[in-house]
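We did not get these values from a lab; they are worked out from the coordinates using the rules stated. Values in this document were obtained by computation on a predicted structure and should not be read as measured data. Every residue, glycine among them, receives a Cβ derived from its backbone with ideal geometry; neighbour counts consider all protein chains shown.
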Amino acid sequence: MALDQRKTKALVALHGWSAVFLGLLLYAVVITGAAAVFEEEIRHWSIGTVANQSPFSLPIDKMLRAEAAGVNPEHLEEVTLSTSASGYLGAFFHTHVKAADGQIEEYGERVVLDPATAQVVERRTGTVTELFQQDNPGALAQFIVSIHTELHLPRPWGLMLTGILGLVLLVSAISGFLIHGHLFKEAFTLRRGQNTLVNKRDLHSLAGSWGLPFAFVLAFTGSFFSFAGAFGIPAMAIVAFGGDQEAMIRTLIDQPAVESATPGPAANLDTVIADATRRSGAAPVFASISAWGEQGSRITVFTPASGHRLTGQQFEYSGNTGTFQREKPALGKAPSAGATAVSLMGPLHFGNFAGLLSKLVWGALAFALCYVVITGFNLWLQRRAGEAGWDWLHRSLLGVGYGIPIAMLASSLAYFTAPVLGLQSHVAVPWSFVIVGIAVLAWSFTSPELVRLNQQLFYLCALFCLLSPAARLATGGIGWLGAIQQGNLAVPMLDTSLLMMATFLVFRAARQSRHADRSGGQDGQELVMAAARAGQQR
Amino acid sequence: MTSTLLSARFWICGPVCFLLAVIVMLGMALWFPVGAADINNIVIPLVLFPALWAGIFFFAYLEPRLMRVCFVYALLGFPNTALIAARFWF
């Protein structure tokens, strides 16, 4: 695409300045996103002992009937059934109440059952936020996702911020596409033996060119999720449904409220779940029963993507007789372009449409995007090496660039050690992230020598990579052999990845050190270190 | 920095652009075809919001004539605002 000189200059300025102002936050969202792609693996790695059988494949009807007989009848308005990595079934018997902020929220009793032994593992009452925010076994995976989606800030501000960062990524991707007119050529250009700035520009353009379609997809889908959750859905409810958010949600999921208060029979859940499993070819992951034990009751069973399908399926049954009614579209009462578009957003953003393989590709591309952000910063800083006033950016780059991975590793360390220290995991995990993150940032701003700081942070990151699996094993975590026997491959996979990462970081830091000694700090290949040196030269 | 904050284009490309994208998205809920599932008027504008914003933003940023930008903003903003206002007042 040919642009005139004025427009090209304006786009280059936009590409650079948008990254300078929000690039570090964008890096935070992308690197936590690279980890969040492996949410399920992190959950299995942190919990250790996982069930290789879905609770939906065991008889649950009798247990749930017994529980339903004991709960407040108002809480039978809706019952949701979910699975956990440990093989338990979570049943949330609830009604809908208006929270203090005016939002409709689910309130009721949550019972965690072990279908293998027919025992109640846990029983609690509260709102959905209270009940699910205190998930100690899943605290690490939940936190990694929360830091990615909302930067762990309160709603809707966290979502608004990540939505804006999604738009910044969109601006960078589009402006990058427009200013790099020879995109195809740049995707295969790496001039070795040239001066380091040209070489670094090539590396930035090469990684950026390959990552461009991915950056565009991530930015688009990510800002959709953030803005829709932060204000899109409530605002649409105001305009289209006179403010009735519940009515809009019911239209979207095509579940009109069941008004009948006439008692009716409750269908056998085991028969319903067996039928849904047969239809989809995979065990369900979620089920919802509306108006249990009343006339007009409905059961919706959700199955995961399997076979050639990119998305999961939903099957609707009569809650009174258990007869199959229909396969529901993802949204609305009939298949539509809107429902297809929304159902594609999740797989495209999370990369979970082809199991571990697609997740590995998504994770690698997200890391490549982090590399593009960091190298972009370094190019910006190197071009301004003689200018005063950029020291804060050098230090922020080091503090955030290393601080976030180190803080994430520290939160995993806190997750494993919290029970030993008598702390709640869901409290220890976020606090350790915040404390370690701030400490690394403070260190970056107070360290007198940036080149040495860069190496020290490399070593610190490597140390945390080693400490996490060590803490997991030392606190009673499952061994590799036991995990493999259970079918939990996440344990050896993540442990090995962390050990490999630690080895790589140590070698890299040692190489940097040799380079710095040999060249007097002028010819290092390491980009972050080069930027640090530029700051030191002033 | 001060000159940037005083520049009309900064405000037009920043907060006004975002507000306009929100207004068009909300307005679409009232004029976009609902489709067979009765949801397209709600879902499609939500999905398209990032594209709407990006389109408006790059046009406002790259178009050299500010008056033309204001004209296009008015063309998009007034009908959608009028539709939303009519939904509540009439």
Seminar exercise, completed: Rounded to 0.05, the calculated FRET efficiency for the beta carbons of A:Ile438 and A:Phe21 at R₀ = 25 Å is 0.75
Exercise. For the residues B:Leu26, B:Leu75, what sequence is obtained by ranking on other C-beta atoms within 10 Å, fewest first?
Worked result: B:Leu75, B:Leu26
Exercise. In nm, to one decimal, how far is the A:Tyr459 label point from the A:Thr496 one, both placed 7 Å along Cα→Cβ?
Worked result: 3.0
Problem set entry | Least to most buried among A:Val429, A:Val171, A:Val285, A:Val112 (fewest other Cβ within 10 Å first) | A:Val285, A:Val112, A:Val171, A:Val429
Exercise. Most mobile of B:Ile12, B:Ile39, B:Ile56 per a Gaussian network model of chain B (Cα springs, under 10 Å)?
Worked result: B:Ile39
Seminar exercise, completed: Low-density loop GluC sites (Glu not before Pro), region A:252-349, at most 15 other Cβ within 10 Å, DSSP non-H/G/I/E/B, are A:Glu259
Exercise. Could you give the length gained on full extension between A:Gln245 and A:Asp270, defined as 0.36 nm per residue of separation minus the Cα-Cα distance, in nm?
Worked result: 5.7 nm
Exercise. In terms of Cα to Cα distance under 24 Å, which lysines are near enough to A:Lys9, apart from those fewer than 8 places away along the same chain?
Worked result: A:Lys185, A:Lys200
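Can you give the calculated 222 nm mean residue ellipticity of chain A, where each DSSP H run of n ≥ 4 adds -39,500 (n - 2.57) and the sum is split over every residue, rounded to the nearest 500 deg cm²/dmol?
About -20500 deg cm²/dmol.
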For this session: Note the full-extension length gain between A:Gln485 and A:Ser57 as 0.36 nm times their separation in residues minus their Cα-Cα distance, in nm to one decimal.
Result: 152.1 nm
For this session: Would you please state the base-10 log of I(q)/I(0) at q = 0.17, 0.19, 0.22, 0.25 1/Å for region A:431-509, with intensities from the Debye formula using one equal scatterer on every alpha carbon?
Result: -0.78, -0.89, -1.02, -1.13
Seminar exercise, completed: Over all Cα pairs of chain B, the Kirkwood radius sets Rh, and Rg/Rh then becomes 1.05
For this session: State the extension gain, in nm to one decimal, for the chain segment bounded by A:Glu105 and A:Ile233, taking 0.36 nm per residue of separation less the distance between their alpha-carbons.
Result: 44.6 nm
For this session: Alpha carbons only, please: Rg and Dmax for the protein assembly as shown, in angstrom.
Result: 26.7, 85
Seminar exercise, completed: Residue ranges of DSSP H helices in chain A that stretch 18 Å or more (Cα, own long axis) and have mean Kyte-Doolittle hydropathy of at least 0.0 are A:5-36, A:157-179, A:196-227, A:337-350, A:355-383, A:391-421, A:425-446, A:450-474, A:490-519
Exercise. Label points 7 Å out from Cα along the Cβ direction at A:Asn199 and A:Thr125: separation in nm?
Worked result: 6.9
